[in-house]
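See structure below.
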Amino acid sequence: MEIVVSGIRSTGNLHLGNYFGAIRNFVKMQHENHCYFFIADYHSLTTHPTPTDLHDSVKTVLVDFIACGLDPDKATLYIQSDVPEVAELYLLLNMNAYLGELERCTSFKEKIRTQSNNVNAGLLTYPTLMAADIIIHKAHKVPVGKDQEQHLEMTRTFASRFNRIYGVDYFPEPVAYNFGEDLVKIPGLDGSTKMSKSENENSAICLADSPEAILKKVMKAVTDAGPTEPNQPKPQPIENIFQLMHAFSTTDTYNHFSNLYDRCEIRYGDMKKQLAEDIIAYTTPFREKMEALNQDDAYLGKVARMGAEKARESAAKTIREVREIIGFKRM
Ligand code: TRP
């Protein structure tokens with residue numbers, strides 16, 4: 001069985017467009033692989049959250065994980081900071097990570113540009129911490145988005161450098177597992193091609209949104225005056241509504257409205273009402289699960305403790321062996 005590791009930083013309110021697709025793919029992977037999925041709360045410290053915000057965001061991700069279908073009995077679900085072995089490996093990897101390569105990292109250069117008032121060492125060494133997360137379990141595959149590929153490349157560099165320096169064949173070189181085509185593209189309600197909350201609150205549908213909120217957002221989605229000639233191509237905002245329908249409604253429903261569009265008989269109000277209904281039917285079980293989990297700190301605590309125990313077992317073994325290889329031997 002292959003070992004899979006991936007982590008997610010605090011995500012805020014989970015909406016249909018962001019990490020939801022990634023977590024749903026984790027759910028598929030948990031059956032055929034030995035999976036470790038964690039909440040990257042050490043990484044979160046680069047942005048200096050308050051203790052309350054940090055804790056709340058960790059809880060939110062844990063709830064999202066479970067509500068979306070990750071099974072704590074199948075995959076190891078844990079909180080990064082519960083596994084201090086990760087911090088030790090991070091320290092060790094930093095000794096052989098060079099300033100130049102860390103400074104050249106695109107995500108670091110981006111941070112210098114966008115938050116020049118907080119360029120801390122944690123940001124510089126973000127790639128070594130991420131490498132530690134991954135190789136602490138000797139992972140083979142890392143499901144991540146395209147934006148993380150350079151970090152994965154650096155992880156392979158750090159892993160193979162360790163092997164070379166110590167003349168061992170210890171760490172595997174992990175590869176990115178890119179969902180690519182598997183990820184259904186979820187466009188925004190505001191006419192943009194990607195659902196996101198940063199630009200416009202009403203562009204994104206959150207899994208925790210009430211049915212009323214979803215109906216309101218969908219009814220406000222950007223449309224136009226409608227086609228004036230048959231069989232016209234659809235402008236982006238209209239294409240978006242159809243894409244959402246493709247993702248959340250039945251094929252019959254989609255075809256019904258597509259035919260109306262082609263005949264210039266479409267009424268967007270009707271279409272949006274149907275779409276809202278179908279999205280509500282889809283999100284309701286998730287929302288209910290999230291509400292229940294949010295009330296159940298005892299269960300969340302149990303999951304976190306169980307995950308920490310399993311993750312530490314694997315991490316402690318690696319650290320024991322790495323210490324031995326490096327030459328930290330018992331006197
Ligand atoms: N850097 C990742 C992100 O921002 C989060 C992350 C931290 C991660 N450590 C990881 C992802 C290890 C995969 C493996 O999305």
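For this structure, a couple of remarks:
- All of (1) touching a Cys at 6+ places or on another chain (Cβ under 8 Å); (2) at pLDDT below 95; (3) of a type in the set (A, V, I, L, M, F, W, C) hold for Leu183 with one exception: (1).
- Restricting the range 259-273 to residues that are without any contact (Cβ under 8 Å) to a residue 40 or more places away in the chain and crowded, with 19+ Cβ neighbours inside 10 Å, the residue that is nearest to Ala213 (Cα to Cα): Met271
- Helices (runs of 4 or more DSSP H) lying entirely in the range 51-144 (those with 1 or more residues that are in the same structural domain as Ala304 (by TED's automatic domain parsing) and closer than 21 Å to Cys35 by Cβ): 51-67, 85-94, 126-135
- Filtering the range 93-107 to residues that are surrounded by fewer than 18 Cβ atoms within 10 Å (Cβ to Cβ) and among the hydrophobic types (A, V, I, L, M, F, W, C) leaves Met95, Leu99.
- Against the criterion of being buried (at least 17 other Cβ atoms within 10 Å of the Cβ) and out of contact with any Ser or Thr (no Cβ under 6 Å at 6 or more places or on another chain), Ile165 does not qualify.
- Tally of residues being buried (at least 18 other Cβ atoms within 10 Å of the Cβ), within 11 Å of the ligand (Cβ to nearest atom) and in contact (Cβ under 8 Å) with a residue 40 or more places away in the chain across the range 137-153: 7
- Some residue of the range 40-50 being among the acidic types (Asp, Glu) and either surrounded by 19 or more Cβ atoms within 10 Å (Cβ to Cβ) or under 15 Å from the mean Cα position of the chain (by Cα) (or both): yes
The values are calculated or read from the model by the stated rules, or taken from the named source; none is laboratory data. Predicted, not measured: the structure shown is a model, and the values here were computed from it. Cβ atoms come from the backbone with ideal geometry, glycine included; neighbour counts cover every protein chain shown.
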